[in-house]
Amino acid sequence: MTLYRDDGIVLRTQRLGEADRVITVLTRERGRLRLVAKGVRRTTSKFGARLEPFAHVDFQTFDKQGRALGMITQAETIAAYGQRIVSDYARYTAGTAMLETAERLSDEEGEPALQQYLLLLGALRALTGGEHAPGLVLDAFILRSLSVAGYAPSFRDCAGCGEEPPDALPYRFFSLPAGGVVCPGCKPGGSAMPQQATVELLGALLAGEWGIADSSEGRHRREASGLVAAYLQWHLERGLRSLRLVER
């Protein structure tokens, strides 16, 4: 038997038997894990309410040889983000899409994913802080998570040949297979041509330039969100179920 102590963010829960749950958690040290929490569905459970989606928890587990899943034996709340998220529809749908994105982009169970963990933690703090629109926080998180996973998009230089634009403005042709904006010479058939302000917004979200993002217009946010969703689906090979419910 091996004991572990770690902290993590609860991504998802599933019922197991009559009173147990399987908890999917993105941890600081060991990446994404699935763990059994015994008896947490009973009203007498000491830590059942602490192991809900969006919760940032410090927990102890033990792994036993021959057992498929580790077992949570202790859990202490570090931050209960869910209390502020679930009470607001826009925050809740954006937050749910974040959790699903984090789970899909940390697909190797037990493999360290510290950058994804820190990105998700920062995104949940931003979402509950209320300084930025939930949709902007979500799109920024998706773009940065894709970058950490090795799919960084380009929103200025040509994603095909690397050529810089001839002026201060980024290229406008956008190609999913190429990985972002492309110059006229690299533009494949079927490329989109978003508005200039939309491309600038995408670049701002990726770079964390919130002054530009917060001052953007609704029509540019909607167009940017569509491109972010398409880019994510291209690399995941299927879309997120929760993304369809997000208010735009």
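The values are calculated or read from the model by the stated rules, or taken from the named source; none is laboratory data. Since this is a predicted model, take the numbers as computed values, not measurements. Cβ: placed from backbone, ideal geometry, glycine included. Neighbour counts: every protein chain shown. Note: accessible area is taken over every heavy atom of the protein model, side chains too, but ligands, DNA and RNA are not part of it. Shrake-Rupley method; radii C 1.70, N 1.55, O 1.52, S 1.80 Å.
Tabulated values for the structure
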read-out: LEU243 being closer than 21 Å to ALA159 by Cβ and at pLDDT below 95; value: no
read-out: Filtered residues of the range 20-38 (kept if open to solvent by less than 30 Å² (accessible area, probe 1.4 Å) and under 16 Å from ALA75 (Cβ atoms)); value: ASP20, VAL22, ILE23, THR24, VAL25, LEU26, THR27, LEU33, LEU35, VAL36, ALA37
read-out: Tally, over the range 72-108, of residues that are within 18 Å of ARG21 (Cβ to Cβ), among the β-branched types (Val, Ile, Thr) and either open to solvent by less than 30 Å² (accessible area, probe 1.4 Å) or outside any loop (DSSP other than H, G, I, E, B) (or both); value: 4
read-out: Qualifying residue in the range 46-58 (condition: in a strand (DSSP E or B), over 26 Å from ASP139 (Cα atoms) and open to solvent by 30 Å² or more (accessible area, probe 1.4 Å)); value: yes
read-out: Total residues in the range 160-177, condition in contact with a Cys (Cβ under 9 Å, 6 or more places away or on another chain) and closer than 27 Å to GLU103 by Cβ; value: 0
